[in-house]
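J.: What follows is a single structure, and I will ask about it in a moment.
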Amino acid sequence: MEKIYDVIVLGAGPAGLTAGLYAGRSRLSTLIIEKGKDGGQIAITNEIENYPGQQVEGESGPSLIARMTEQAKKFGAERVTDVIKSVELEGSVKKLVGNKDTYLAKTVILATGAFPRPIGCENEGKFVGKGISFCATCDASFFEDFEVYVVGGGDAAVEEAMYLTKFARKVTIIHRRDELRAAKSIQEKAFANPKLSFMWDTVVEKVDGDPLLNSMVVRNTKTGEKTVIEADEEDGLFGLFGFIGLLPNTKLFEGMIDMENGYVKTDENMHTNIPGVFAAGDMRAKSLRQVVTAAADGAIAAMQAEHYIADLT
């Protein structure tokens, strides 16, 4: 007979790992399913400054996640790596069907997170991994002493652009508006960085190259003027990094769970519209998506799952 877990947590980012930690600590049989590396967005974040209790001398996303993973393990949460292809969330026993196996549980905590929004330019797909990237921590070293462009104007874009200045000889932020949206403290650091420059009121319309990215067409959003930017002849390529927001990883649950612009709707206790199914972290409709709010969501979801199971008996 297949094992029926008390709780299955789908996703091992800050929300999922916290949920697994709290559920395991409550002596609930708990399984965390993750398709790739632990951490989600935070796993590709070079520097964290605002997580309470972090190492003040310096904290990276991977270092914080490593400790979260160990905590969840300490309290007995089981782990499996699998890609879930379909789910049946109604009824007293929930079913998750993966490539490797089928998993059953009394409750499910969805913590599938979000992924980077595409830049939205022509030919973009052809150059992902060939000049276009969405992860500075992953790919910065490939652009040592090259020119790099960063699309976006929020916290993530500016922070990642500053990180890229450690590798690239010049970094230019391309922003569709005439001022950044990043926090003032982050902006101050950016404007003081001699390797950072800014291209205001601009969007990327098209990218090209053979086989690597070496040219792009940008358009001024106010004048409509288009400009062709080409790589330095000696370089032969440049980097283009996109940081213009996230899209929720919720396609698997469409038609089952109530959503708002693709984000799962919950009440303040992480309840979805399906009894026994909870949601936490960046895939949930909410006003602030940070590590600290993801962790809070995960803790609440696990405690609500415990209450739900207690009521079943």
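J.: Any idea what the dipole of region 75-199 comes to, in debye rounded to 20, about its Cα centre with Lys/Arg Cβ at +1 and Asp/Glu Cβ at -1? Numbers along the way, then the final one.
T.: Details: 18 positive and 17 negative charges, 21 e Å.
It works out to roughly 100 debye.
J.: Right, something else. For the chain, just list the percent of Cα-Cα distances falling in each 10 Å bin from zero outward, please.
T.: Calculated over all Cα pairs of the chain, the distribution is 6, 25, 29, 21, 14, 4, 0, 0 percent.
J.: Still on this model: If you filter region 139-236 for chymotrypsin sites (Phe, Trp or Tyr not before Pro), then keep DSSP loop positions with at most 16 other Cβ within 10 Å, what is left?
T.: For chymotrypsin sites (Phe, Trp or Tyr not before Pro) across region 139-236 that sit outside H, G, I, E and B with at most 16 neighbouring Cβ atoms in 10 Å, the list reads W200.
J.: Something else: With unit charges on the beta carbons (Lys and Arg positive, Asp and Glu negative) and the dipole taken about the Cα centre of the chain, which residue among P62, A77, V128 sits farthest to the positive side?
T.: Of the candidates, A77 comes out farthest on the positive side.
J.: Please name which of P14, A114, G154 has its Cα lying farthest along the dipole of the chain towards the positive end, using unit charges on Cβ (Lys, Arg +1; Asp, Glu -1) and the Cα centre as origin.
T.: Positive-end residue among those listed: P14.
J.: What's the center-to-center distance, using Cα atoms, between region 241-313 and region 130-193 in Å?
T.: 30
J.: Looking only at the chain, where both bridge partners belong to it, what percent of the DSSP beta bridges are antiparallel (to the nearest 5)?
T.: Antiparallel bridges: around 45 percent, rounded to the nearest 5.
J.: Continuing with this model, one more query. Residues of region 76-145: accessible area per residue at 1.4 Å, in Å²?
T.: Working: 3410 Å² over 70 residues.
Ligands and nucleic acids excluded, the figure is 49 Å² per residue.
J.: List the DSSP H helices in the chain whose Cα atoms stretch 15 Å or more along the helix axis and whose mean Kyte-Doolittle hydropathy is at least -0.5.
T.: 14-25, 291-312
J.: Also: Only four residue types carry charge here, +1 at the Cβ of Lys and Arg and -1 at the Cβ of Asp and Glu. Report the dipole size of the chain about the Cα centre in Debye, rounded to the nearest 20.
T.: Value, rounded to 20: 760 debye.
J.: Once R0 is set to 30 Å, what does the formula 1/(1 + (r/R0)^6) return for the Cβ-Cβ distance between R67 and N99, expressed as a FRET efficiency to the nearest 0.05?
T.: Values: r = 29 Å, r/R0 = 0.97.
In this case the efficiency is close to 0.55.
J.: Run the numbers for L288 and D208: contour at 0.36 nm per residue of separation, minus the present Cα-Cα distance, in nm.
T.: Working: separation 80, 0.36 × 80 = 28.80 nm, distance 3.58 nm.
My answer for the length gained is 25.2 nm.
J.: Relative to the present Cα-Cα distance, how much length would full extension add between K184 and L247 at 0.36 nm per residue of separation?
T.: Here the answer is 20.2 nm.
The values are calculated or read from the model by the stated rules, or taken from the named source; none is laboratory data. Every value quoted in this text rests on a predicted model; they were computed, and no experiment measured them. All Cβ positions, glycine included, derive from the backbone under ideal geometry; neighbour counts span all protein chains shown. The protein model used for the area step is the full one, side chains on, heavy atoms only, and it has no ligands, DNA or RNA in it. Shrake-Rupley method; radii C 1.70, N 1.55, O 1.52, S 1.80 Å.
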